[in-house]
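Okay, so here's the structure we're looking at.
What follows draws every value from the coordinates through simple rules; no lab data is involved. Note that the coordinates shown come from a computational prediction; the quantities given were computed from them, not determined experimentally. Heads up, the Cβs are rebuilt from the backbone with ideal geometry, glycines too, and the neighbour counts pull from every protein chain shown.
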Amino acid sequence: MIHVSSLAIGAGIASAAIIVAFLAFDTFHDKSELAVEPAPIIQDIGPVKITVATFMENGSPILGDPNAPITVVEFGDYQCFFCNKFFHETEDALLKNYVETGKVKVIFKDFTIIGADSITAANAAHCASDQGKFWEYHDTLYNHWTGENNEWASSENLLQFAKDLGLDTDKFSKCMINSNHNPIIVHSNQDAKDLGLTGTPAFFIIGPDNKVTKIGGAQPYDVFKRIFDSKLEK
């Protein structure tokens, strides 16, 4: 199951101050699941040209060994139920068995399709990244998830998360108020749309041969393991 948005992401996000004004999105749940399917790393989807940059740019710092043979690019929304499900049920095992062993590296990219707090949470993670704490803040967000559009990712809570992680809260607050990272979020959303995504989470697994496998939804550990092992054997 994946979370699907019925509206396109507006390019006007970049012009909004996230503490003051937000964009909202109507959403609904689609019970279908995307099939695991192979695709080349560079392909044409209509008039849009998909390149390596579509996967690798406008995202988080790399988690893991930068020279790992496999790259996982996850598109997620911090408010998404199934993103949270993946984080709590699958991610730890993947990190332990593949990332910490140097086989896989991970990049997280934003696809903020659920609502206003999706945008503020994404900005907060990037503001934390400015102080070297992207992944710690990323984990904090998912560990404090309580639902969709219920204000758990309010400005006050996001600031408290920053305090809890020992961030310089003055720098963090200025980053948030100035919406410093709206451009990277806008571009990441466009990358998601260029790749034909309609829901989160979605994963692109890039192997040593530069071939890509797409996974839609919060699939279990065994699905990732099978793909990783297959790519490592080649």
Tabulate in residue order the Karplus-calculated ³J(HN,Hα) for segment 190-195, using 6.51 cos²θ - 1.76 cosθ + 1.60 with θ = phi - 60°, rounded to whole Hz; enter x for Gly and Pro. 5, 4, 4, 5, 4, 7
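Quick check: residue separation of residue 150 and residue 67 times 0.36 nm, minus the Cα distance between them. What number comes out in nm?
Separation in residues times 0.36 nm, less the Cα-Cα distance, equals 25.9 nm.
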With label points set 7 Å from each Cα along the Cα-to-Cβ direction at residue 178 and residue 223, the distance between them in nm comes to 4.1
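If the chain between residue 232 and residue 89 were fully stretched, how many nm would it gain, using 0.36 nm times the residue separation less the Cα-Cα distance?
On the way: separation 143, 0.36 × 143 = 51.48 nm, distance 2.35 nm.
Gain in length upon complete extension: 49.1 nm.
May I ask you to compute the full-extension gain from residue 211 to residue 163, defined as 0.36 nm times their residue separation minus their alpha-carbon distance, rounded to one decimal in nm?
Result: 13.2 nm gained on full extension.
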Cα-based reach from residue 133 at 29 Å (exclusive), listing lysines while leaving out same-chain residues under 8 positions away: 85, 96, 103, 105, 109, 163, 171, 174, 193, 214, 225
Karplus 3J(HN,Hα) series, Hz, for segment 104-117 with 6.51 cos²θ - 1.76 cosθ + 1.60 (x for Gly, Pro): 9, 10, 10, 10, 9, 10, 7, 9, 7, 9, 9, x, 4, 5
Low-density loop cleavage sites - GluC sites (Glu not before Pro) in segment 73-179, where at most 15 other Cβ are within 10 Å (DSSP): 100, 151
